Amino acid sequence: MTLSQVANVEQVKQVNSALVYRLINEQGPLSRVRLAELSALAPASITKLSRQLLEAGLIRELEESTPTGGRPAIALACQDETLGLVAGRLGRDRLQLSLYNLKGEELANQQWPVSVTEQQAVMDQLLQTLGDFIAQYGQRLQRLIAVGLTMPGLIDPQQGMVFYMPRYQLRELALGPWLAERLGLPVYLGNDTRAHALAEHLIGAAQGCHDAILVSVHQGTGAGILSNGRIFLGKNSNVGEIGHIQVEPFGQRCHCGNFGCLETIVANPAILGRTAQLLAQGHPSQLAADNLTIEALCQAAQAGDPLARHVLEHAAEQLGRTLAIMVNLFNPQKLLLAGEIMQCRDILWPVLQRCIDQQSLPSFHQDLPIELARFQHAGTIGGYALIKRALYESDLLQRLMTPSVTE
Ligand SMILES: [Zn+2]
């Protein structure tokens, strides 16, 4: 065989083991016979692949009693309660870390303020905190397989590179490889909204969907686009920066330098800023200017406060305009929304629905559900999703199946 043929055989083996692992994970426990049917692989291949997965401790055998009382059938299930990972989110002012088992159950979590912004100082704090967290909680699991870290920046998940992060001076930084070398674990990096969309696809409200869009409104506004079962990534591995679509040419100045970006109207700080401005002008409202929160705003709106309702409906109008653009561009099966303002669903949804109905193609918005995302405060779940994807699609499963010489 030529070198390229050897490489192809190796690749096919990897794809097949990932397929078998995913089937057991998503539909297990499964018998080897059923696995062969579902995967369309030969029974001999299933025998071999399942033996390798068993040897690596990634799956286990279960004895299932048969109704006829005959020889018990053996089914294969994932070893997902004893294996796990550390998932983290580096936000604009804090670091959250969680310990998950592979099932997605959160076993521990902690958060710390991050006051440093200089590149090396941020890297040092991350490494120190991750190391301490793993030392403190790691033994709750039999084995830690990886670390998944998300952040609201421009990230290249393939290379583990951070190109840009709001607030921190992280630029063109190979953070993933740097952390992996020091922690002795594979490290996967991703943008937090895109990783959140992946979590919705793998274990949330977009399960079973191949095309869906998640829009998340928190400190900023962003989107994760699931296209043909994968998170859509453009040049530089980043898309979905809908916060910087201009919706009001003569609007407020945005931190990106442009005027009237969506984020200057639809993001928590913008919504609260607009409310404070109207209150300062003397518009009547039950809201108190000195204690403005999204929670208080939503409660006032639900209670019929006209000012609170106006602010939310105005935001929904601009968000709806942007959603309609996305529906026209991507023709999704489902729209998912996340963020604190979504608790006012009965105020926001009719406005969003009207915008989408008026501004997108009828065949695109007919039967298009707008739903709440399962994870409203995404936190660290995106980091969990990055590891899950790495098991299904990339080299992580292979690395676990062939213990490296350094281990
Ligand atoms: Zn902008």
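The values are calculated or read from the model by the stated rules, or taken from the named source; none is laboratory data. In this text the structure is predicted, and so the values were computed from the model without any measurement. Here the Cβ is made from the backbone with ideal geometry for all residues, glycine too, and neighbour counts use every protein chain on show. To get the accessible areas, we keep the full protein, side chains included, count just its heavy atoms, and leave off ligands, DNA and RNA. Shrake-Rupley method; radii C 1.70, N 1.55, O 1.52, S 1.80 Å.
Within the stretch 243-277, the residues that satisfy the criterion of being away from the ligand (no atom under 12 Å from the Cβ) and open to solvent by 20 Å² or more (accessible area, probe 1.4 Å) are PRO249, PHE250, PRO269, LEU272, GLY273, ARG274, ALA276, GLN277.
Tell me, which residue of the stretch 284-327 that is outside any helix (DSSP H, G or I) and among the small types (Gly, Ala, Ser) is most open to solvent (accessible area, probe 1.4 Å)? Even if it seems obvious, please write down each step before you answer.
Of the residues in the stretch 284-327, the ones outside any helix (DSSP H, G or I) are 284-288, 292-293, 303-305.
Add one more test, that the residue is among the small types (Gly, Ala, Ser), and what stays is 285, 288, 303-304.
On the way: SER285: 39, ALA288: 50, ALA303: 73, GLY304: 42 Å².
So, considering only residues that are outside any helix (DSSP H, G or I) and among the small types (Gly, Ala, Ser), the one most open to solvent (accessible area, probe 1.4 Å) is ALA303.
So is ALA56 surrounded by 14 or more Cβ atoms within 10 Å (Cβ to Cβ) and closer than 16 Å to ALA77 by Cβ or not? When the stated conditions are applied, ALA56 passes them.
If I filter the stretch 102-109 for residues that are in contact with an Asp or Glu (Cβ under 6 Å, 6 or more places away or on another chain) and of a type outside the set (Val, Ile, Thr), do I get at least one hit? Looking for residues that are in contact with an Asp or Glu (Cβ under 6 Å, 6 or more places away or on another chain) and of a type outside the set (Val, Ile, Thr), one finds at least one in the stretch 102-109, hence yes. Among the criteria (1) farther than 18 Å from ALA267 by Cβ; (2) touching a residue at least 40 places away in the same chain (Cβ under 8 Å), the one PHE364 does not fulfil is (2). May I ask you to verify whether GLN376 is touching a residue at least 60 places away in the same chain (Cβ under 8 Å), more than 19 Å from ASP211 (Cα to Cα) and surrounded by fewer than 17 Cβ atoms within 10 Å (Cβ to Cβ)? Spelling it out, it is not the case that GLN376 is touching a residue at least 60 places away in the same chain (Cβ under 8 Å), more than 19 Å from ASP211 (Cα to Cα) and surrounded by fewer than 17 Cβ atoms within 10 Å (Cβ to Cβ).
Of everything in the stretch 146-205 that is buried (at least 20 other Cβ atoms within 10 Å of the Cβ) and of a type in the set (Ser, Thr, Tyr), the residue that is farthest from GLY104 (Cα to Cα) is TYR168.
A quick yes/no check of all residues on (1) modelled with pLDDT under 95; (2) of a type outside the set (Phe, Trp, Tyr):
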{"residue": "GLY251", "(1), (2)": "yes, yes"}
{"residue": "PHE259", "(1), (2)": "no, no"}
{"residue": "THR275", "(1), (2)": "no, yes"}
{"residue": "ALA289", "(1), (2)": "yes, yes"}
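Filter the stretch 224-235 for residues that are open to solvent by less than 40 Å² (accessible area, probe 1.4 Å) and in a loop (DSSP other than H, G, I, E, B) and give the result. Step through it out loud before you land on a result.
The initial filter retains those residues of the stretch 224-235 that are open to solvent by less than 40 Å² (accessible area, probe 1.4 Å), namely 224-226, 229, 231, 234.
Listed by number, the residues that qualify are GLY229, GLY234.
Here the condition is being within 16 Å of the ligand (Cβ to nearest atom) and without any contact (Cβ under 8 Å) to a residue 60 or more places away in the chain; of GLY222, GLY240, it holds for GLY240 alone.
Here is a yes/no grid of residues against (1) surrounded by fewer than 16 Cβ atoms within 10 Å (Cβ to Cβ); (2) in a helix (DSSP H, G or I); (3) within 31 Å of the chain's Cα centre (by Cα):
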residue: VAL9; (1), (2), (3): yes, yes, no
residue: VAL12; (1), (2), (3): yes, yes, yes
residue: VAL15; (1), (2), (3): yes, yes, yes
residue: ALA18; (1), (2), (3): no, yes, yes
residue: ASN25; (1), (2), (3): no, yes, yes
residue: VAL33; (1), (2), (3): yes, yes, no
residue: GLU37; (1), (2), (3): yes, yes, no
residue: SER45; (1), (2), (3): no, yes, no
residue: ARG51; (1), (2), (3): yes, yes, no
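Is the stretch 332-343 home to any residue that is of a type in the set (D, E, K, R) and open to solvent by 70 Å² or more (accessible area, probe 1.4 Å)? No, the stretch 332-343 has no match at all. Just to be sure, is GLN96 outside the structural domain of LEU49 (by TED's automatic domain parsing) and open to solvent by less than 60 Å² (accessible area, probe 1.4 Å)? So GLN96 fits the description; yes. Answer yes or no as to whether GLN52 is in contact (Cβ under 8 Å) with a residue 40 or more places away in the chain and in contact with a helix residue (DSSP H, G or I) (Cβ under 6 Å, 6 or more places away or on another chain). Considered against the rule, which asks whether it is in contact (Cβ under 8 Å) with a residue 40 or more places away in the chain and in contact with a helix residue (DSSP H, G or I) (Cβ under 6 Å, 6 or more places away or on another chain), GLN52 comes out as yes.
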